[in-house]
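Notes to accompany the following structure.
The values are calculated or read from the model by the stated rules, or taken from the named source; none is laboratory data. What you see is a predicted model, and the numbers here were worked out from it, not measured in a lab. Here the Cβ positions follow ideal geometry from the backbone for every residue, glycine too, while neighbour counts run over all protein chains shown. Heavy atoms of the whole protein, side chains included, go into the accessibility calculation; ligands, DNA and RNA do not. Shrake-Rupley method; radii C 1.70, N 1.55, O 1.52, S 1.80 Å.
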Amino acid sequence: MDKKKVTLFMVSNQTGKTRKIVLSAAWLKAISFIGAIVIIIFAAGLVDYFGLLLQAMENKRLKAENAQLIKQFQVVESKVNALENSLERVKTFTTKLKLITNVDADDRITKLTMGPKPAANQPVEEYEPMEARQEGEEIAAQDQVFSNQKPLNEQVGELANEEADKDYASLVVRIDKAVKETQLKEQSVIDLWESLSERQSLLNSTPNMKPAKGWITSRFGYRISPFTGKAALHAGLDIAAAPGSPVYAPADGVVVFASYDESYGKLITIDYGFGVTTRFGHLSQIYVQVGQRVNKWDVVGAVGNTGRSTGPHLHYEVRINGTAVDPINYILDE
């Protein structure tokens, strides 16, 4: 049995008294062991505390970078949307140019009489004006959002390496390049339209604008007739507008009909040559006479509610050799 003891003397500086504490070696070992455990626990607590503090700082930094990435991807998404919209505009505009400038009447009829069959309550689609489209300078200005900070590697919660950073930057460059190329293609189509404008004899006699300002409430194609309740071909566009709103000639032509029709109400028919005619129905006023030559943008009548009509609007038809085609193909832009 270990009978070793340790004696501790404690001397007071004020009173000069001395106290003696005698501890056995076992107690001393126990106290030393407990003290070591306390020190270890305290040290571990400090380490854990500073670790949590560093982790909180790191989380704050990661949140800031995550917000930056979200902003960057929003810009990328807007660029992709701009690209898709621009491509769609080029496709639509090119298709319409081909249809309008095609002098083969049979081919026009084959392509244009395949009108859509819109469902009930189909939402109205409006064209985006040229002035509302995003400019190249605006797209370039958005690139300022992209800083030199590296994106996060989501799998390990750390910053991505240089290679990933380069891939992200190359993605932005590729999108910018595609957008610029698309804008150039769109401009080339516009230039094509301007060059085709030199063919005045054909283009001036081809309707290419909406004849009245208003909302398109019913499109070309089969629909349920509001009078019979049965499916019937709607041979034109219905453009809702206030009574008395002006109706414009969409091209240069000659008035071949200007009177009252039981179904169309007050009706005007204009012949543009090349087998192309248009009809303007449900008018409240007719300002032209049969045989009169009209030019594009001339006011030929006023919106009304005559004939078989359920409300004030303009019924607008385009016909090729007497066959009704979709007038939307003859509206290049608003």
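See the values below:
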| item | result |
| --- | --- |
| Filtered residue count, region 52-83, keeping only those that are surrounded by 12 or more Cβ atoms within 10 Å (Cβ to Cβ) and charged (D, E, K, R) | 4 |
| Enumeration of residues in region 12-51 that are open to solvent by 100 Å² or more (accessible area, probe 1.4 Å) and within 50 Å of the chain's Cα centre (by Cα) | Y49, F50 |
| Test: residue in region 297-319 that is within 17 Å of N208 (Cα to Cα), part of a loop (DSSP other than H, G, I, E, B) and more than 36 Å from the chain's Cα centre (by Cα) | no |
| Of all residues in region 200-239 being without any contact (Cβ under 8 Å) to a residue 60 or more places away in the chain and of a type in the set (K, R), the one that is most open to solvent (accessible area, probe 1.4 Å) | K213 |
| Selected residue [under 29 Å from T92 (Cβ atoms) and over 34 Å from the mean Cα position of the chain (by Cα)] from F274, F280 | F274 |
| Close pairs from region 80-96: first touching a residue at least 40 places away in the same chain (Cβ under 8 Å), partner open to solvent by less than 50 Å² (accessible area, probe 1.4 Å) and small (G, A, S), Cβ under 8 Å, at least 6 apart | L83/A178 |
| Every residue from region 242-256 that is open to solvent by less than 20 Å² (accessible area, probe 1.4 Å) and in contact with a strand residue (DSSP E or B) (Cβ under 6 Å, 6 or more places away or on another chain) | V247, A249, A251, G253, V255 |
| Verdict on A56 being within 54 Å of the chain's Cα centre (by Cα) and more than 30 Å from I175 (Cβ to Cβ) | yes |
| Residue in region 325-332 that is of a type outside the set (S, T, N, Q), under 21 Å from A232 (Cβ atoms) and in contact with a helix residue (DSSP H, G or I) (Cβ under 8 Å, 6 or more places away or on another chain) present | yes |
| Residues within region 287-329 that are of a type in the set (A, V, I, L, M, F, W, C) and open to solvent by 50 Å² or more (accessible area, probe 1.4 Å), tallied | 3 |
| Selection from region 239-295 of residues that are over 29 Å from P226 (Cα atoms), in a strand (DSSP E or B) and in contact with a Lys or Arg (Cβ under 9 Å, 6 or more places away or on another chain) | G253, V254, V255 |
| Number of the exception - S188 against (1) open to solvent by 20 Å² or more (accessible area, probe 1.4 Å); (2) under 21 Å from I331 (Cβ atoms); (3) at pLDDT below 75 | (2) |
